[in-house]
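Notes to accompany the following structure.
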Amino acid sequence: MKKVVLIILIGVVLNSCVVTVKNQRAIKYSIQAGINKGGITENSDLSVLSNLPDENLVDAYSGATQLGANAGVHVNKPLKYGEIESGLDYMFNAQTFRFDHQENMYVGVRELNVNQWMVPITWNFNVLQTVLPTAEIQLKLGLTGQLNFVSVRSTGTLPDYSINSLSGGGLFGISAYPVKFENGQKLGFYINVYRGSQIYEDYYNQKTFEIPGSSFIKGGIRYRFNITNNN
């Protein structure tokens, strides 16, 4: 897997090493909105629990995440090679954790509304410029910091839990602007994939477990403003 990622990165860099013309290095502003799946990543491997007497208790704990919504404001600064992108994003989703572990007397439901404010920063590489020179197709690699506000409603007898208000991790994405208007403004799309540190912790989601963390996939439309006449 690591070799595949390395090959992809090398190919991206080789395709993106095109010097940006100086008069095209003006800062670009955009807004975006779309849907997402993810937020809190819960443990799905109950075999890591040391005191489970029966490995067939696969339904002792499970989670489900609904589709959510996200929106953001972004700024792109063109460099000699590629661009730096940052901004402020908001994402919401609802998640449900179900407990049915009779041996530990944990039976019930925990519902979570997850609100996240995020600050991404990515290095964007232009690709397919010779094929689609005006679409501005970019691959993105970077990091995202998250500020988490989680409201919880529990019913039944459930394990204690804690919430980490701060989390962060790696981000990979793609964006493009296939539609250009007469005034120079552009309409496009984005898709981002993220995996980061743990937000929610309880008996089934301990810090020593590999799976618990934070993650999402999100996508939608974005609109770029023509602040200058250089686009």
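The values are calculated or read from the model by the stated rules, or taken from the named source; none is laboratory data. Just so you know, these numbers come straight off a predicted model, no measurement behind them. Every residue, glycine among them, receives a Cβ derived from its backbone with ideal geometry; neighbour counts consider all protein chains shown.
Key figures
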quantity	calculated
For residue 182: the one exception among (1) in a loop (DSSP other than H, G, I, E, B); (2) touching a residue at least 24 places away in the same chain (Cβ under 8 Å); (3) over 30 Å from residue 64 (Cα atoms)	(2)
Residue within segment 169-177 that is within 23 Å of residue 86 (Cα to Cα) and either among the aromatic types (Phe, Trp, Tyr) or in contact (Cβ under 8 Å) with a residue 60 or more places away in the chain (or both) present	yes
Selection from segment 93-111 of residues that are among the hydrophobic types (A, V, I, L, M, F, W, C), surrounded by fewer than 16 Cβ atoms within 10 Å (Cβ to Cβ) and part of a strand (DSSP E or B)	94, 107, 109
Residue 130 over 13 Å from the mean Cα position of the chain (by Cα), among the β-branched types (Val, Ile, Thr) and outside any strand (DSSP E or B)	yes
Segment 68-81 residues that are in a loop (DSSP other than H, G, I, E, B), paired with ones that are among the hydrophobic types (A, V, I, L, M, F, W, C) and surrounded by fewer than 19 Cβ atoms within 10 Å (Cβ to Cβ) (beta carbon under 6 Å, 6 or more apart)	80/19
Residue check, residue 162 among the polar types (S, T, N, Q), under 21 Å from the mean Cα position of the chain (by Cα) and part of a strand (DSSP E or B)	no
Test: residue in segment 120-127 that is surrounded by 15 or more Cβ atoms within 10 Å (Cβ to Cβ) and aromatic (Phe, Trp, Tyr)	yes
Residues being over 30 Å from residue 30 (Cβ atoms) and among the basic types (Lys, Arg) - total across segment 161-211	1
Some residue of segment 134-157 being surrounded by 16 or more Cβ atoms within 10 Å (Cβ to Cβ), aromatic (Phe, Trp, Tyr), assigned to a strand (DSSP E or B) and modelled with pLDDT of 95 or more	no
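Residue-wise test of (1) of a type in the set (Val, Ile, Thr); (2) within 21 Å of residue 123 (Cα to Cα); (3) modelled with pLDDT of 95 or more.
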position: 169; (1), (2), (3): no, yes, yes
position: 182; (1), (2), (3): no, no, no
position: 188; (1), (2), (3): no, yes, yes
position: 203; (1), (2), (3): no, no, no
position: 207; (1), (2), (3): no, no, no
position: 214; (1), (2), (3): no, no, yes
position: 218; (1), (2), (3): no, yes, yes
position: 221; (1), (2), (3): yes, yes, yes
position: 227; (1), (2), (3): yes, no, no
